[in-house]
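Trainee: Structure provided below as structure tokens; questions to follow.
Just so it is clear, none of the values below were taken in a lab; they were calculated from the coordinates. Only a predicted model underlies this, so the values are computations on that prediction, with no experimental measurement involved. Cβ sites come from the backbone with ideal geometry, for glycine too, and all protein chains shown count toward neighbours.
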Amino acid sequence: MNYSILIVLFIFLPSISLFLGILFMNTLKRFLIKTPVIETEQDLSEFKAIVKQHMYAALLQIVFLGTPLLLFSYGIQNEILGFSDILFIIIPNSIVIFVSLAFRKLEKRGQSISTSNPNLESELQQVIHYWKKRPLPCWK
């Protein structure tokens with residue numbers, strides 16, 4: 001692996017992460033505008049699908065943001081990179097983290113959605129709990 005390939009990967013992987021974050025947050029935003037309160041089983045099913053996407057995207061982001069660190073270690077160890085090349089990791093990852101923090105309010109809004117249907121309350125709370133506390137969706 002040469003210097004140019006490493007630099008492209010340092011920029012490309014966080015870019016994918018950023019794209020996915022924006023895409024999935026827009027999906028959540030559209031859902032919350034259209035459905036401010038879960039009223040039907042269909043609303044809950046759609047919410048579950050969106051939350052599932054978010055959970056998997058979060059795991060992918062770990063890969064997309066962590067891989068450049070491993071590649072940087074490889075590059076330093078094989079004398080392909082210099083220490084100052086760490087800026088190619090810090091700057092793109094910082095942008096992704098900054099955008100993620102900007103979307104945090106929207107995510108909190110999604111995690112506090114309520115239901116007008118008492119029959120759906122337990123299941124909705126389970127989905128929200130898993131979203132906040134678990135890495136993978138494992139609801140019914």
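Trainee: How do the peptides 48-61, 72-85, 8-21 rank, highest first, by the average count of neighbouring beta carbon atoms within 10 Å per residue?
Mentor: 8-21, 48-61, 72-85
Trainee: Please list, in order along the stretch 44-49, the HN-Hα scalar couplings obtained from phi with the Karplus expression 6.51 cos²θ - 1.76 cosθ + 1.60 (θ = phi - 60°), rounded to whole Hz, x for Gly and Pro.
Mentor: Going residue by residue, I get 5, 5, 5, 4, 4, 4 Hz, with x marking Gly and Pro.
Trainee: Could you state the orientation-averaged shadow area of the convex hull built on the Cα atoms of the chain, in nm² to one decimal? Walk me through the intermediate numbers first.
Mentor: Numbers: hull surface 36.1 nm².
Dividing the Cα hull surface by four gives the mean projection, 9.0 nm².
Trainee: Right, another one. Can you compute the helix-only [θ] at 222 nm over the chain? Use -39500 (n - 2.57) per DSSP H run of at least 4 residues, normalise by all residues, nearest 500 deg cm²/dmol.
Mentor: Rounded to the nearest 500, it is -26500 deg cm²/dmol.
Trainee: Something else about it: If each of VAL37 and MET1 carries a label point 7 Å out from its Cα toward its Cβ, how far apart are those two points in nm?
Mentor: For the pair VAL37/MET1, the computed spacing is 5.2 nm.
Trainee: Give the residue from LEU18, LEU32, ALA49 lying farthest towards the positive end of the charge dipole for the stretch 1-79; charges sit on Cβ (+1 for Lys and Arg, -1 for Asp and Glu) and the dipole is referred to the Cα centre.
Mentor: LEU32
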